[in-house]
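Working notes, beginning with the structure itself.
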Amino acid sequence: MNIHEYQAKSVLKKYGVRIQEGVVADTPDKAVEVARELSSQTGTKWFVVKSQIHAGGRGKGKIEGSEQRGVALAKSMEDVRTISKNILGKVLVTHQTGPEGKRVNKVLIAEDVYYPGPTEPKEYYLSILLDRAKNCNVIMASTEGGMDIEEVAEHTPEKIMKEWIDPRVGLQAFQARKVAFALGLEGDAFKEMVKFITALYRAYNESDSSMFEINPVLKTSDNKILAVDAKVNLDDNALFRHPELAEMRDTNEEDPLEVEAGANNLNYVKLDGNVGCMVNGAGLAMATMDIIKLSGGEPANFLDVGGGANATTVEAGFRIILKDPNVKAILINIFGGIVRCDRVAAGVVEAYKAIGEIPVPIIVRLQGTNAEEGARIINESGLKVYSAIEFKEAAVKVSEVLAELGL
Amino acid sequence: MSVLVNKNSKIIVQGFTGSEGSFHAQQMIEYGTNLVGGVTPGKGGIRHLDRPVFNTVDQAVRTTGADVAIIFVPPAFAGDAIMEAADAGVGVIVCITEGIPTKDMMLAKEYLKGKNCRLIGPNCPGVITAEECKVGIMPGFIFKKGTVGIVSKSGTLTYEAVDQLTRAGLGQTTAIGIGGDPIIGTTTKEAVELLMNDPETEAIVMIGEIGGSMEADAARYIQESGNAKPVVGFIAGQTAPKGRRMGHAGAIIGGADDTAEAKMRIMRECGIHVADSPAVIGETMLIALGKK
């Protein structure tokens, strides 16, 4: 699960990680109010107004129809108000949101941490994630803070250092020192960085996160180390242990159809194609998307109805798929193992009748236990539904249907 | 021969008396699996499905001589169940449970290091040796005894592949569902290696999906070992977008190397017969075996 920057920073702070302080606001008035508060607490005179959406590239991204950037420096209370007004309730388009962008409902008013002082401020990169090949967590660090890490990895891989963490003992002090030295730090900044990394790993581990990306980590002009941005992914499977983190879910950031599917215990991911699909099992669902493409269509979604495909789940699936206006045909692909095809077929017929007229052609492929019986039920239902037994047949039917539709 | 499980294996079920455990235990017994008992803490001493129930895996193993355990306990307790089975000396541990926290799996996998046991899964359909022993949740009737071994990350897609093989007249030795989580006990490569070393297995089907590097690792192993047996491969998720989790926790494209396209290219380079469509897995195996 993704959370917002302001939520991520609150998780970090709880574990003693120093952050760029800030307060979230949802109106320009509130933004000015929290900026005043922040000023009295931290002494900051300038502020950074940061759009809170679940996507990167906010600093370079622009508010739709204007030149306003998603992250901007405010040098006065008036600036705070103007920028917040420009951003709140508007759509921010970044390279990660796609052209449709994302609506900004909240801004984070943060203190200015790039103030002048005895040394030059410098940005670094730190992340913690699971190394799937090694079955343990890895800390990645780079002196190239503020840059897109994929680009650093591509052009200057030698500038990324990795430190793997033994799951039995966790992060050791020498490892934190190793990373801090590799970043070229010394003196107070070095000590601060060791503290920062140690606290950061603890936060990652104890919150059951699956990814932390702190980019940039800033060494301030007075040698403090702090998180200016924070991207945190939580392990969905571990949320039951962290009710306070589970509450951070912002369904505004998710596709409404995906939220609805989740409420019906369906695993749905919306895609851009024209053929919807409904499948039991994640692997077969991906394979079904692939066969739609090979048949000349484009998959409109991923939808795994799970082990117990019945009239209720099929009906919920139909309703969700049909809400996507791009869907011109639907392929149902069920491999009946424990679940019997005749039951699924009856479920399809029942769901179809419950919804009424379904405006797009439907191809139902049922294979496995009682497949023939399932096909018979579909064929005799009198509905505008094509049935298939073999996977290949289903692919041919999809091609035929698309040809008939002139697609 | 076959691998991991056979008609002589003695199986216990962890989470025996729960609804999932009971249902699938019954199905396994009907398939002919030598299921010798089960474990549910606090219910030791009773009988369930005409088999003894124990409080601990240790007691179950000492009393029944079980050498295989299948786990159906809920995600919050599954890591613990895996370690308990390993501690009791169970040789093959099959974990069906879906949704185990990554941290728990990381620790469980670490705990297993140096112990004489093999973990299959979690989040997998299990292992079956055709017409001998089913330790999993797959529909037994689609399997026929034969000479093709199967390794797969997926459940229903495995059934699809097996069904195509059986219809093509190709029976199976053992099918190993390794699971779709980011951390799993047995990798694609390790499972392929087991089948490569099994004298009864003459050909292998390897089914993967987007995310991670396990299929590429297995492909390189197959090439290095001299392509001793024909291997047919398929990767699901050719149309999956980057950065979105496709059902399985591990099925997410992170970089350029874990797309379906990249994996299929590496597999081809390593001499694997790649099926472009999930509908032609059986057919591709017939071609690989020179039967078509």
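The values are calculated or read from the model by the stated rules, or taken from the named source; none is laboratory data. As the structure is a computational prediction, the values presented were derived from the model and not from experiment. Please note: Cβ atoms are built from the backbone with ideal geometry, for glycine as well, and neighbour counts cover all protein chains shown. Ligands, DNA and RNA are excluded from the accessible area calculation, which covers all protein heavy atoms including side chains. Shrake-Rupley method; radii C 1.70, N 1.55, O 1.52, S 1.80 Å.
Those residues that are of a type outside the set (Val, Ile, Thr) and assigned to a helix (DSSP H, G or I), I need them from region B:3-30; list them, please. Quick ask: steps written out before the conclusion?
Start the filter on region B:3-30 by keeping residues that are of a type outside the set (Val, Ile, Thr), which leaves B:4, B:6-10, B:14-16, B:18-28, B:30.
Correct list: B:19, B:20, B:21, B:22, B:23, B:24, B:25, B:26, B:27, B:28, B:30.
What pairs come out if I take residues in region A:229-249 that are under 27 Å from residue A:145 (Cβ atoms) and not assigned by the TED database to the domain that holds residue A:52 and pair them with residues that are at pLDDT below 95 and assigned to a loop (DSSP other than H, G, I, E, B) whose C-beta lies under 6 Å away, six or more apart or interchain?
Sorted first by the residue in region A:229-249, then by its partner, the pairs are A:234/A:1.
For residues that are within 13 Å of another protein chain (Cβ to nearest Cβ), at pLDDT 90 or above, over 25 Å from residue B:100 (Cβ atoms) and open to solvent by 10 Å² or more (accessible area, probe 1.4 Å), tally how many sit in region B:221-259.
3
Do the conditions hold for residue A:212, that is, is it in a helix (DSSP H, G or I), aromatic (Phe, Trp, Tyr) and closer than 22 Å to residue A:123 by Cα?
Against the criterion (in a helix (DSSP H, G or I), aromatic (Phe, Trp, Tyr) and closer than 22 Å to residue A:123 by Cα), residue A:212 does not qualify.
Name every residue in region B:192-216 that is under 19 Å from residue B:265 (Cβ atoms) and either among the polar types (S, T, N, Q) or surrounded by fewer than 19 Cβ atoms within 10 Å (Cβ to Cβ) (or both), in order of residue number.
The answer is B:213, and nothing else.
What number of residues within region B:191-220 are more than 15 Å from residue B:179 (Cα to Cα), within 11 Å of another protein chain (Cβ to nearest Cβ) and not acidic (Asp, Glu)?
Adding up the residues that qualify gives 1.
Under 7 Å by Cβ, and 6 or more places apart or on different chains, what pairs join a residue from region B:186-200 that is of a type in the set (A, V, I, L, M, F, W, C) with one that is open to solvent by 60 Å² or more (accessible area, probe 1.4 Å) and not in a helix (DSSP H, G or I)?
As it stands, the answer is B:196/B:228, since those pairs meet every condition given.
I'm told residue A:156 meets every condition in (1) within 12 Å of another protein chain (Cβ to nearest Cβ); (2) surrounded by fewer than 17 Cβ atoms within 10 Å (Cβ to Cβ); (3) modelled with pLDDT under 95 except one. Can you identify the failing condition by its number?
Against the list (1) within 12 Å of another protein chain (Cβ to nearest Cβ); (2) surrounded by fewer than 17 Cβ atoms within 10 Å (Cβ to Cβ); (3) modelled with pLDDT under 95, residue A:156 comes up short only on (1).
Please work out which one of (1) in contact (Cβ under 8 Å) with a residue 24 or more places away in the chain; (2) surrounded by fewer than 20 Cβ atoms within 10 Å (Cβ to Cβ); (3) closer than 29 Å to residue B:258 by Cα is the condition residue A:200 fails and give its number.
The single condition residue A:200 does not satisfy is (2).
Which residue is most open to solvent (accessible area, probe 1.4 Å), if the candidates are limited to region A:18-29 and must be farther than 17 Å from residue A:72 by Cβ and not in a loop (DSSP other than H, G, I, E, B)?
A:29
Six or more apart or on different chains, Cβ under 9 Å: which pairs go from a residue in region A:378-399 that's more than 23 Å from residue A:284 (Cβ to Cβ) to one that's exposed (fewer than 15 other Cβ atoms within 10 Å of the Cβ)? Could you list them?
A:381/A:353; A:383/A:353; A:384/A:357
Which of (1) hydrophobic (A, V, I, L, M, F, W, C); (2) free of Cβ contacts under 8 Å to residues at least 40 places away in the same chain; (3) open to solvent by 10 Å² or more (accessible area, probe 1.4 Å) is the odd one out, the single condition residue B:137 does not satisfy?
Condition (2) is where residue B:137 drops out.
Considering only region B:175-182, I want to know if a residue exists there that is hydrophobic (A, V, I, L, M, F, W, C), more than 18 Å from the chain's Cα centre (by Cα) and at pLDDT 95 or above.
no
Determine whether residue B:220 is free of Cβ contacts under 8 Å to residues at least 12 places away in the same chain and charged (D, E, K, R).
When the stated conditions are applied, residue B:220 does not pass them.
Touching a residue at least 24 places away in the same chain (Cβ under 8 Å) and buried (at least 19 other Cβ atoms within 10 Å of the Cβ): is that true of residue A:269 in this structure?
Spelling it out, residue A:269 is indeed touching a residue at least 24 places away in the same chain (Cβ under 8 Å) and buried (at least 19 other Cβ atoms within 10 Å of the Cβ).
Residues that are open to solvent by 10 Å² or more (accessible area, probe 1.4 Å), at least 2 per element: which strands (runs of 3 or more DSSP E) completely within region A:316-407 meet that?
A:385-388
Starting from residues that are part of a strand (DSSP E or B) and over 14 Å from residue B:208 (Cα atoms), keep the ones in region B:153-190 and report whichever is farthest from the other protein chains (Cβ to nearest Cβ). Give the derivation first.
Kept after step one, since they are part of a strand (DSSP E or B), are these residues of region B:153-190: B:172-177.
Narrowing further to those that are over 14 Å from residue B:208 (Cα atoms): B:172-174.
Details: B:172: 15, B:173: 20, B:174: 18 Å.
Among those that are part of a strand (DSSP E or B) and over 14 Å from residue B:208 (Cα atoms), it is B:173.
Please count how many residues of region B:140-180 are buried (at least 24 other Cβ atoms within 10 Å of the Cβ) and over 17 Å from residue B:218 (Cβ atoms).
Counting residues in region B:140-180 that are buried (at least 24 other Cβ atoms within 10 Å of the Cβ) and over 17 Å from residue B:218 (Cβ atoms) gives 11.
Would you confirm whether any residue within region A:178-192 is free of Cβ contacts under 8 Å to residues at least 40 places away in the same chain, open to solvent by less than 30 Å² (accessible area, probe 1.4 Å) and within 20 Å of the chain's Cα centre (by Cα)?
No, the conditions are met nowhere in region A:178-192.
So residue B:245 clears everything in (1) part of a helix (DSSP H, G or I); (2) over 28 Å from residue B:148 (Cα atoms) except one condition, right? Which one?
(1) is the only condition that residue B:245 fails.
Considering only residues that are over 26 Å from the mean Cα position of the chain (by Cα), within 11 Å of another protein chain (Cβ to nearest Cβ) and open to solvent by 50 Å² or more (accessible area, probe 1.4 Å), which ones fall in region A:287-315?
A:294
Suppose we keep only residues that are open to solvent by 20 Å² or more (accessible area, probe 1.4 Å) and within 14 Å of chain B (Cβ to nearest Cβ) within region A:217-241. Which one would you say is farthest from residue A:316 (Cα to Cα)?
So the residue we want is A:231.
Going by what's in this entry, would residue A:261 be described as within 14 Å of another protein chain (Cβ to nearest Cβ), open to solvent by less than 30 Å² (accessible area, probe 1.4 Å) and touching a residue at least 40 places away in the same chain (Cβ under 8 Å)?
In short, yes.
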